[in-house]
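Student: One structure, as structure tokens, below. Some questions next.
The values are calculated or read from the model by the stated rules, or taken from the named source; none is laboratory data. This structure is a prediction, so every number in the text was calculated from the model and none was measured. Reconstructed Cβ throughout: ideal geometry from the backbone, glycine too, with neighbour counts over all protein chains shown.
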Amino acid sequence: MKKCIYAFTILPALLLGLMTAVFAVPGAASAVATAHNTKARVLASNKACGASKAFAVSAAASAVATAHNAKARILATNGACGGSNPALKHIGFVNFHRVSNTVSMNVHLKGARPHAMYNVFLFENAPKFCHLIDGRLGTVRTNGEGVGNGHFKVMVPANATKFFADPTVRPTPFIFPSNDTTTVTLP
């Protein structure tokens, strides 16, 4: 009789444990499947985009760095090392973007010389004044309306904080006429 009592005492505990397992397993399985499917979608997305683990780590590290942005007008015949002269004609603008020691520039010419090739240069204005950082980053070609766009990226000195661009039709920015932007600050 003692054995029957033990069996009846243990049986409800076993049933309770079994019921808990039956109801908990589908929820746990669903959570595991969801996590697995999410991971699979992320991996598939990364693979489809050609992203590698190194790129993902690099992108995450870049996101931590503070980005600085500025916009400056391109002034026709402005050879004043990034100085501003409101009397000069505006022939577009440059969007500057800095992350760490890399400056990206989006050059937008509008009302510039039609069917022309503009060589793009970047200068530092602080701590060095009117210092050419990179000779001829590339070119922007304008259409018949004098409109053209270009994107450029360049490494800059860590201590450089002020910049201006010079898109010019001349082979160097030191031959008149220059088309300096106004100076921007990108700490």
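Student: Yes or no: the stretch 80-89 includes at least one residue that is within 18 Å of residue 182 (Cβ to Cβ), among the hydroxyl-bearing types (Ser, Thr, Tyr), in a strand (DSSP E or B) and more than 24 Å from the chain's Cα centre (by Cα). Spell out how you get there, then give the answer.
Tutor: Here is the first cut: in the stretch 80-89, the residues within 18 Å of residue 182 (Cβ to Cβ) are 80-89.
Applying the additional criterion that residues be among the hydroxyl-bearing types (Ser, Thr, Tyr) yields 84.
Now narrow it down to the ones that are in a strand (DSSP E or B): none.
No.
Student: Considering 107, 99, which residue is crowded, with 18+ Cβ neighbours inside 10 Å, among the β-branched types (Val, Ile, Thr), at pLDDT 95 or above and in the same structural domain as residue 174 (by TED's automatic domain parsing)?
Tutor: Values: 99 fails: crowded, with 18+ Cβ neighbours inside 10 Å.
Just a single option satisfies the conditions, and that option is 107.
Student: Mind checking whether some residue in the stretch 100-116 is touching a Cys at 6+ places or on another chain (Cβ under 8 Å), within 17 Å of residue 73 (Cα to Cα) and not hydrophobic (A, V, I, L, M, F, W, C)? Spell out the reasoning first.
Tutor: First, the residues of the stretch 100-116 that are touching a Cys at 6+ places or on another chain (Cβ under 8 Å): none.
For the stretch 100-116, residues touching a Cys at 6+ places or on another chain (Cβ under 8 Å), within 17 Å of residue 73 (Cα to Cα) and not hydrophobic (A, V, I, L, M, F, W, C): absent.
Student: For the structure I just gave you, tell me whether residue 145 is buried (at least 22 other Cβ atoms within 10 Å of the Cβ) and acidic (Asp, Glu). So that I can check it myself, show each step before the final result.
Tutor: On the way: buried (at least 22 other Cβ atoms within 10 Å of the Cβ): no; acidic (Asp, Glu): yes.
No; evaluated as a whole, the condition is false for this residue.
Student: Any idea which of (1) hydroxyl-bearing (Ser, Thr, Tyr); (2) more than 19 Å from the chain's Cα centre (by Cα); (3) farther than 12 Å from residue 168 by Cα is the one residue 102 doesn't satisfy?
Tutor: Status for residue 102: all satisfied but (2).
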